[in-house]
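Working notes, beginning with the structure itself.
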Amino acid sequence: MSRSVLIVDDDPIVSRLTSATLSDAGFAVKRVKSVDDAVAFMKTASPDLFILDINLPGLSGFDFLKILRADSATAAVPVIMLSVHKEENYKVHGLDHGADDYVVKPFSSEELLSRVRALLRRTERTSVPTEILQVAGIRLELQRQEVFVDGRGVNLRPTELKILALLMRQPGYVLSYRQIAEALAEGGKDLTSGNIHNHINNLRTKLGGAGELIETVHGTGYKFAERRQ
């Protein structure tokens, strides 16, 4: 699977050239021009690495770096900061506040590509394997047992979380009551269709507007929609 990179830079030339270099090297690349655009994109996808310019319209790259490091979902995702500032205090500020690397413009495409690869190799060696499910603004981190809806944490009971994970793994496919009960069976005791219905209702309530993604297929079971209405 291709590793993904989000480029946040309002300089069209640098952004386009960087994107082309990384795409040619096999990365999945998304380009945005502002922090607001980046935050909107992250509601539907989670990149493996950020390339972040300091001087941006609205919130600065430093502001966005604080947002990333304060969020458990992105706290450990590597960040390369780009800047026209050569002064040491800019570099020190970026690295001290959570950036993994700092590259001064102009730079060669080959150098940046090398730095991206090195950071991702380092991340692969130090990261703990985890499974993250993300569909239509819902993010479920199975290892941490955490669920986020549009960036907002949601507190689910263990059975509710298991049902959500089961549905999110197969968006668009109908799961029968029996399939759900068998997947969640513990100690030889199956959940009844009534039990499942109650868990689904609680789950929908806790997910708020995103609860509409869990659709009832009358007489059969439930399915998870691939997008919101």
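The values are calculated or read from the model by the stated rules, or taken from the named source; none is laboratory data. Not measured: the values here are computed from a predicted model. Methodologically, a virtual Cβ is constructed for each residue, glycine included, from the backbone with ideal geometry; neighbour enumeration extends over all protein chains shown. These area figures cover heavy atoms from the full protein model, side chains too; ligands, DNA and RNA do not enter into them. Shrake-Rupley method; radii C 1.70, N 1.55, O 1.52, S 1.80 Å.
List the relative contact order of the stretch 1-141 as a percent without decimals, with contacts defined as Cα pairs under 8 Å and 6+ residues apart.
Relative contact order, the stretch 1-141: 21 percent.
Just want to confirm a number: the relative contact order over the stretch 77-163, from Cα pairs under 8 angstrom separated by 6+ residues, in percent.
The value is 18 percent.
Hey, how many Å between the Cα centroid of the stretch 33-57 and the Cα centroid of the stretch 130-145?
If we compute the Cα centre of each part, the gap is 19 Å.
Could you rank THR18, THR159 by how accessible they are, 1.4 Å probe, largest area first?
Sorted by accessible area, descending: THR159, THR18.
Taking every pair of Cα atoms in the chain, average 1/r, invert it to obtain the Kirkwood radius, and report Rg/Rh to two decimals.
Taking Rh as the inverse mean 1/r over Cα pairs, Rg/Rh reads 1.06.
To the nearest 20 Debye, how big is the dipole of the stretch 58-121 about its Cα centre, given +1 on the beta carbon of each Lys and Arg and -1 on that of each Asp and Glu?
Rounded to the nearest 20 debye, it is 120 debye.
What FRET efficiency comes out for ARG169 versus ASP24 if R0 is 30 angstrom and r is the Cβ-Cβ distance? Round to the nearest 0.05.
Efficiency, from the Cβ-Cβ distance: 0.40.
Need the full-extension length gain, GLU110 to ASP96, defined as separation in residues times 0.36 nm minus the C-alpha distance. One decimal, nm.
2.5 nm
Express the carbon and sulfur contribution to the solvent-accessible surface of the chain as a percent, rounded to the nearest whole number, probe 1.4 angstrom.
After summing per-atom areas, the C and S share lands at 49 percent.
Can you list the residues of the stretch 1-39 with backbone N under 18 Å from a point 7 Å past the Cα of ILE67, pointing along Cα to Cβ?
5-11, 30-39
Extension gain ARG228-ASN198, at 0.36 nm per residue separation less the Cα-Cα distance, in nm?
Result: 8.6 nm gained on full extension.
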